[in-house]
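Here's the structure, in structure tokens; my notes come after.
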Amino acid sequence: MSDIKNCWVKKGGAFTGEVSAEMLVNLDIPWVILGHSERRALLNETNEFVGDKVAYALAQGLKVIACVGETLEQREAGSTMDVVAAQTKAIADRVSNWSNVVIAYEPVWAIGTGKVASPAQAQEVHDELRKWLAKNVSADVAATTRIIYGGSVNGGNCKELGGQADVDGFLVGGASLKPEFIDIIKAAEVKKSA
Ligand SMILES: O=C(CO)COP(=O)(O)O
């Protein structure tokens, strides 16, 4: 196994049912996904709590895919960038070394719905996120941090999405269980080898 979808915010202990970062390290699982929209929405994980989790997991030596993204309501209200900036800021406030962080932009309305963001919509947010990092963290972190896209990525839409300047890869759910996953991996690797 190469990743898991959550881990606890601090040292393992009497938190029955939670998976600690230490457990993942012991099991040689290198990656953890934190801040997935389902955990934010269903388990009331706040931006600050997610930021704490990211910092703790990194401190234990894990690599983190940190998810950010707006709901449909927030997009329609024009607050997409405010939402993802606030989510990213809570991480930036707690993390000084970004070398083991990947940001996953996952519009909530695109996750598991079949309604993928258009390449232009994805590129716009990725570009804004990179600018946010340049302004609020550093030019180096902005240039080197991978910003990947997630939400209804499939074999048919991966090429165009992956061709966007600031889309550095994908976080794939449903399609990762299908043969088309090979095409998605190939589309994500084009830039790596370029
Ligand atoms: O975030 C995701 C899975 O947790 C993305 O899922 P889908 O690719 O199925 O939309």
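A few comments on the model shown:
- Each pair of Cα atoms in segment 14-115 enters the Kirkwood radius, and Stokes-Einstein at 37 °C and 0.692 mPa s then converts it into a translational diffusion coefficient of 230 µm²/s.
- ³J(HN,Hα) computed for each position of segment 40-55 - Karplus, 6.51 cos²θ - 1.76 cosθ + 1.60, integer Hz, glycine/proline x: 5, 7, 8, 10, 6, 6, 7, 4, 5, 4, 5, x, 4, 5, 4, 4
- Residues D168, D93, arranged from fewest to most other Cβ atoms within 10 angstrom of their Cβ, appear as D93, D168.
- Length-normalised contact order for segment 1-63 - Cα pairs under 8 Å, 6+ apart - percent: 40 percent
- Cα Rg, Dmax, segment 60-118, angstrom units: 13.1, 39
- Translational D in µm²/s for segment 38-194 (Stokes-Einstein at 20 °C, 1.002 mPa s, Kirkwood Rh from C-alpha pairs): 136 µm²/s
- Phi to ³J(HN,Hα) by Karplus 6.51 cos²θ - 1.76 cosθ + 1.60 over segment 94-99, Hz, x for Gly, Pro: 10, 10, 10, 10, 8, 5
- Size of electric dipole in the chain: Cβ of Lys, Arg +1 and of Asp, Glu -1, about Cα centre, debye, nearest 20: 280 debye
- Relative to the globular-protein estimate of 2.2 N^0.38 Å, the Cα radius of gyration of segment 114-158 stands at 1.32.
- Across K131/K191; K63/K159; K11/K159; K10/K89; K63/K89, pairs whose alpha-carbon gap is larger than 30 Å: K11/K159
- Loop-located chymotrypsin sites (Phe, Trp or Tyr not before Pro) in segment 1-56 (DSSP state not H, G, I, E or B) with no more than 14 neighbouring Cβ atoms inside 10 Å: F15.
- Taking 0.36 nm per residue of separation and subtracting the current Cα-Cα distance, fully stretching the chain between M23 and E76 would add 15.0 nm.
- Here the Karplus relation 6.51 cos²θ - 1.76 cosθ + 1.60, evaluated at θ = phi - 60°, turns the backbone of segment 14-24 into coupling constants of 7, 10, 3, x, 8, 9, 8, 4, 4, 4, 5 Hz, with x for every Gly and Pro.
- Amide H contacts of G173 (H built 1.01 Å from N, under 5 Å, at least 5 apart or other chain): G151, S152, V153
- Theoretical FRET efficiency, 1/(1+(r/R0)^6), r = Cβ-Cβ of K5 and K191, R0 30 Å, to 0.05: 0.75
Every read-out reported here was derived from the displayed coordinates using simple, explicitly stated rules and does not represent laboratory data. Note that the coordinates shown come from a computational prediction; the quantities given were computed from them, not determined experimentally. Ideal geometry is used to build each Cβ from the backbone, glycine not excepted, and the neighbour counts take in all protein chains shown.
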